[in-house]
Each structure stands twice: as structure tokens, then as C-alpha cells.
1. Can you give me the number of residues within segment 96-107 that are in contact (Cβ under 8 Å) with a residue 24 or more places away in the chain and not in a loop (DSSP other than H, G, I, E, B)?
2. Condition first: touching a strand residue (DSSP E or B) at 6+ places or on another chain (Cβ under 9 Å) and without any contact (Cβ under 8 Å) to a residue 12 or more places away in the chain. Can you find one or more residues in segment 233-249 that meet it?
3. Is it the case that A77 is in a loop (DSSP other than H, G, I, E, B) and touching a strand residue (DSSP E or B) at 6+ places or on another chain (Cβ under 8 Å)?
4. What do you reckon, is T171 modelled with pLDDT of 90 or more, under 21 Å from P209 (Cβ atoms) and of a type in the set (S, T, N, Q)?
5. Which residue, of R129, R122, R154, R161, is surrounded by fewer than 16 Cβ atoms within 10 Å (Cβ to Cβ), assigned to a helix (DSSP H, G or I) and of a type outside the set (A, V, I, L, M)?
6. Just checking, which of P291, P272, P309, P243 is surrounded by fewer than 24 Cβ atoms within 10 Å (Cβ to Cβ) and within 21 Å of G447 (Cβ to Cβ)?
7. Please verify whether segment 53-67 includes one or more residues that are farther than 30 Å from L341 by Cα and outside any helix (DSSP H, G or I).
Amino acid sequence: MDPDFRAHAHEIVDWIADYLEEIERFPVASQVHPGDILNRLPGAPPDHGEPFDAILKDFESIIVPGMTHWQHPSFFAYFPANSSPPSLYAEMLTAALGAQCMSWVTSPSAAELEERMMQWLRDMWGLPREWDGVIQDTASTATLCSILTAREVRSKNAINRRGFSSKDRFTVYCSAEAHSSIEKAVRIAGIGRENLRKIGVDDNFAMRPELLEEAIRRDADAGYTPLCVVDALGTTGSTAVDPLERIGAIARRHGLWLHVDAAFAGTALVLPEYRHLLNGIDCADTMVINPHKWMFTNFDCSAYFVKDPDALVGTFEILPEYLKTHERSEVNNYRDWGIQLGRRFRALKLWFVIRTYGVEGIRAKVREHIRIASELAENIRNEKDFDILAPVWCNVICFRYHPAGVSEGEQLNALNMSLMERLNASGKLYISHTKLDGKVALRLVLGQSNVEERHASAAWQMIVRTARE
């Protein structure tokens, strides 16, 4: 043991505690320019070890100014990457254990805690009791796993054996508002970007089922094999909810694999009043929800649920001699449940978070975020020179500044981009944007772990003041 470890570790914990207590004094978005950090870093590594105090000092003076502070309660951009004290405790213990949890035998506690945590999450969110789950790093990986499994189920594992043949002309379907990770998965899976069908959306930016069915029929008539449809339970742009029940019925009628992407908004399912969003879930094959977005668990932690774990394992399992163990028929070896062989002990932070807050504590925080967003959305609607551009059903608000005399089009879009850039440059808040039906929408997400009504109110006052200036 390093004789200075205990003292240095205490310094680090003190720094973390001070940082979290004083986080609101930092600018939310980093204020540096491209190359600022790089130019302060030596071009070559040191020949000899440097003292801890010097490294920590440089961390504070070089690294921290170049960080965007995702745990700042005025971080309203993208989707949050939540953290919490219990999650931090678990991450520290995970780092100390330093385990590579690829299989049951390499750390039985990691495998069995993961199995139990996925059961807890399944029941907290009201998912089918017969489903199993595994922790992936991100929703992008989970979606890729789903599409690869669909490919192998449809081809009876032939593509894994021999690769693609000229007969394998698969098509995949998602809404025009779906996340870019679906296109990336289609590319990686060898299906090809040109075989991804982006289906048109309705006025609420949700997939139109009748257009989905038309596309499936058209592809089948043209000699393609419709493979998979991805239903969004909360799109990235506006948290639009595709009609799962109707899409599920179409998928079942045509024999398509159905994956549900609920990466961010799925956490709302912890609230009984939102369980109606799961109508039609029995038609689904897989689903992903990220506790690291809106359930106070440090990145990375993506909960991936499957109806048929044998199909998943059959897609990914490779068993060289050096990985064979006698107990493998009795346990879950999660290395076979996804792409990575090496796995972190991610279940520990879920265990700490759920036990610390309890289900009711998590519900209370999620409900409060939704309440704050609902009240702020109402304030925005009451302003004559601001528009709400998408339904606000959870905690994401898509809005824009629309003063009199500025017509629809690029001038209005440019005005809102300038507004966003000026707001973010202030360091007082951080928002992001999207485009909805060609209109620039500013996105305000009320989901950071410690956001309060006062933060939302201050942000809105600043937005109005800056816009009208």
C-alpha cells in the first residue's frame, strides 16, 4: 500500500465534497476555446514521477476550467447524465475493487447482484415479469445488440456462421425523429444505411403506424426482408412517444422484431400514472432504459431487457477453452449477453441508489421534475413572443422565441440559435437545440438530480431578458 494513499484519498474526497457543495459557482458550460487545454498540456510525458500535490493543482487549474458541469442544477441541455451521493460511493468502491466482471466465476457477487438489480428495475418500471435483463454501457450498445439478435434469429444464426449472402436484404424501420444510434447500429450490423426506413411522423412528432405498414408491404413486395422496427418511447428531440400498441400489432402481423427505445423517458414508468405508455409491450422483444440519464445513477448504466435471453446469448456467445467453467449452466455469464467481454461492476451503484432513495424516493424526485417542467411550460405559453413547439408530457420543453415582425424561416431559426449561444456563453445556464419540422427548437430539460424550481425560474427569467434585449 502506498503510505500516502490514505492522506491523498482524504484530499480527493474533500475536493469532491467542496465541488458538489459549491458547484453553482462554476459556469455551467465550459468557457474555453478549442486548443486552450491542449496548449497547456506538455507535449511529452514526464521522465520521472511527479508529486500528488502538483498533479491535483494542475487538475484544478487546467482540467476543471475545461469541464462542462453536468451535475450543475442549471444544466438543461441534451439529456442529463445524473449522479448522486450513493452512486458516487458505489463508484469509489467499484474502483477500489478493480474487478473485471466478465463472468460469474470472476466475481460471483457482481453477476448475481446484476441479476437481482435487473429484476428490481423490471418490477419498478412495470415490465413483463418473464423478461430478463442485463446492464449495457449505453443505449447505443443495447440497440445494436437488439438489431444483431434480430438478424441472427431471422437468419437462424446463418449470418454469424457464413456472413451475408445475396439473399439477405433486410430492412429496419424507425421514426424520422428516432435517435442516430439506430442508423449507426444498422451500419455496424451490415444491413446498410440505405436499408433503414425513416417513417414519417404526426403533428406530435410520433411515428405514423399507417406509414410504417405501407413501408413494410412495399419492401416485402420489392423482395426485401422486413426485419425490425424500433419504437421510441420518448424521442431525443422532443420526447415524442410512438404508439406502441399499434406498432406492436403491425410488427406481430408481419413477423418483425420489435425494440423499444425508452433510454431517457422510460424512467417515468416508475410512476404508476405513466404505465399506460407500456400498452402493447407484450409485442416487444427488447427494451432499453438508462438509469444514468434520469435515475440518479452515474454514467454508464443502461438497462437492457429481453424477452428471449437464449436468442441474445446465441448471438454473442463464444466459448474458448480458457473461459470454460463447470458452473456455467447454473449462472448468468453476462459476457455472453452483449458485445464486450470485459465488464465493469455497474450493478453496485444501482444497488446503492435504489436502497438509499427507495422506490418512493425515486418517484418523488421524478414527479417533482415533471411538475417543475409543467409549470414552466405554462409560463412559456403565456408569453406572446414565445412558442411551445412540441407536447410537454414529462420534463422536456421544446420552445422558441418568436417576436412580432420576424417571419417563419431561416431568419427566425438564426435568431433562436443566436439566443442559445448567448445564453450558454453566459455560464449561467446551458441549453441545447433540435429542429422540429424545420423549426429550430430550444430544448430545456428539467432532469438534473438536484434541480429545483428556483433554478427553472431563474433560467426562464434570463431567457426572456436575453431574448428581448
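The values are calculated or read from the model by the stated rules, or taken from the named source; none is laboratory data. Predicted, not measured: the structure shown is a model, and the values here were computed from it. Counting neighbours? That spans all protein chains shown, and the Cβs are built from the backbone with ideal geometry, glycine included.
1. At the first step, the residues of segment 96-107 found to be in contact (Cβ under 8 Å) with a residue 24 or more places away in the chain are 97, 99-105, 107.
Subsequent filtering for residues that are not in a loop (DSSP other than H, G, I, E, B) retains 97.
Qualifying residue count, segment 96-107: 1.
2. no
3. Against the criterion (in a loop (DSSP other than H, G, I, E, B) and touching a strand residue (DSSP E or B) at 6+ places or on another chain (Cβ under 8 Å)), A77 qualifies.
4. yes
5. Values: R129 fails: assigned to a helix (DSSP H, G or I); R122 fails: surrounded by fewer than 16 Cβ atoms within 10 Å (Cβ to Cβ); R154 fails: surrounded by fewer than 16 Cβ atoms within 10 Å (Cβ to Cβ).
Within the list R129, R122, R154, R161, the selection yields R161.
6. Being surrounded by fewer than 24 Cβ atoms within 10 Å (Cβ to Cβ) and within 21 Å of G447 (Cβ to Cβ) holds for just one of P291, P272, P309, P243, which is P272.
7. Yes, there is a match, as at least one residue in segment 53-67 is farther than 30 Å from L341 by Cα and outside any helix (DSSP H, G or I).
The rows are residues; the columns are (1) of a type in the set (K, R); (2) in contact with a strand residue (DSSP E or B) (Cβ under 6 Å, 6 or more places away or on another chain); (3) farther than 28 Å from A90 by Cβ.
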site	(1), (2), (3)
H8	no, no, no
E11	no, no, no
L20	no, no, no
I23	no, no, no
V28	no, yes, no
V32	no, no, yes
N39	no, no, yes
G43	no, no, yes
I55	no, no, no
